[in-house]
Amino acid sequence: MTKLFFEVLRKLVGDDESGATIDRLIKESVWPMRRQYGVAVVAMIFVAATTALTALLMEYIVDALTTYDSRDVILLVAGSVALTFVIKGVALYIQEVSLSKAGNRIVAIQQKKAFASLLNLGPAFLVQRESSDFLQKIVSGAKAVRRIIEMIVTTFVRDLTMLLGLVAVMFWQHAFLAIMVLAVGPFIVLFVRYLVNRVRDVTRRETTSLVETIKVLQESLRGAKVIKVFSLEDRMQSRMDEAVE
């Protein structure tokens, strides 16, 4: 099942550069952790199913509170709601634990590979680069791989399954209103896409600011004597202000 899921994922992302990157991440990082991700995928399906079931039960909850006089019906609805949330809570716990185990292992593997590659580089290349660049790549880069994989898995499994389940509940309860909502849906998707692009741009600038801040701080500490001798305090302060802003 896990192998089939990742094969479908490769087909969905296409054959462009992004598809090649995803394919490499799956082979190097995800496939060795296939058991943990397989458990997480099954848990995500339960989370999505119980979320859709919660929306479906709302109708019966309202009816039980306003229409039925039978205590047995009320107890049955209450028991169904409680059981649904218990299953969802257990599934969420299993999902988070499995993703955390796999994600931590991926970060460890990526950091080991990055440091091994760093040791194999020539001295000339190492001298030309700032230590903050290597720090950002080893620490933040490894965590970024984990975030990308978790985002892909949750998007293509939990979110997609949850969306299909909720849409099915919408049509089951009121088809006309569901059609009206889906007519407005594309405009909402475009707006969300705009927000995602904005968040990506802010994240990129935040990372750049962090790297530049670390670099200026390291240069100031290492070259404190030179800064004092040549009175470069204002210049370094200007660089730091620019990086922070």
Problem set entry | Space enclosed by the convex hull of the alpha-carbon atoms of segment 77-126, per residue, Å³ | 50 Å³
Exercise. Using Cα pairs under 8 angstrom and six or more residues apart, how large is the relative contact order of segment 117-245, in percent?
Worked result: 29 percent
Seminar exercise, completed: XL table 101/137; 143/215; 112/225; Cα-Cα > 32 Å flagged, in table order, is 112/225
For this session: Over the alpha-carbon set of the chain, divide Rg by the Kirkwood Rh and report the Rg/Rh ratio to two decimals.
Result: 1.13
For this session: Roll a 1.4 Å probe over the protein chains and send me the accessible area per residue for the chain in Å².
Result: 69 Å²
Exercise. Tell me, what is the FRET efficiency for residue 235 and residue 108 to the nearest 0.05, using R0 = 25 angstrom and their Cβ-Cβ distance as r?
Worked result: 0.05
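What does the convex hull of the Cα atoms of segment 72-163 come to per residue, in Å³, rounded to a whole number?
Values: hull volume 9.4 nm³, N = 92.
Taking the convex hull of the Cα positions in segment 72-163, it is 102 Å³ per residue.
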Problem set entry | Calculated log₁₀ intensity ratio I(q)/I(0) where the Debye formula runs over C-alpha points of segment 137-202, q = 0.15 Å⁻¹ | -0.69
For this session: Excluding residue 102 itself, calculate the net charge of residues whose Cβ lies under 10 Å from the Cβ of residue 102, where each Lys or Arg counts +1 and each Asp or Glu counts -1.
Result: +4
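With a cut-off of 8 Å between alpha carbons and a minimum separation of six or more residues, what is the relative contact order of the chain in percent? Mind dumping the intermediate values first?
On the way: 145 pairs, mean separation 55.9, N = 245.
Reported as a whole number, the value is 23 percent.
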Exercise. Using only Cα atoms, what Kirkwood radius does segment 144-245 have, in angstroms?
Worked result: 18.3 Å
For this session: Considering only 98, 220, 140, give the residue with the highest GNM mean-square fluctuation for the chain, with springs between Cα atoms whenever their separation is below 10 Å.
Result: 220
For this session: Please find, in a Gaussian network model of the chain (springs between Cα atoms separated by less than 10 Å), the residue of 168, 116, 102 whose mean-square fluctuation is greatest.
Result: 116
Exercise. Which one of 227, 77, 180 has its Cα pushed farthest toward the positive end of the charge dipole of the chain, where Lys and Arg give +1 and Asp and Glu give -1 at the Cβ?
Worked result: 227
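The values are calculated or read from the model by the stated rules, or taken from the named source; none is laboratory data. Since the structure is predicted, the reported quantities are computational estimates derived from the model, not experimental observations. Cβ atoms come from the backbone with ideal geometry, glycine included; neighbour counts cover every protein chain shown. All accessible areas refer to the heavy atoms of the entire protein, side chains included, with ligands and DNA or RNA removed. Shrake-Rupley method; radii C 1.70, N 1.55, O 1.52, S 1.80 Å.
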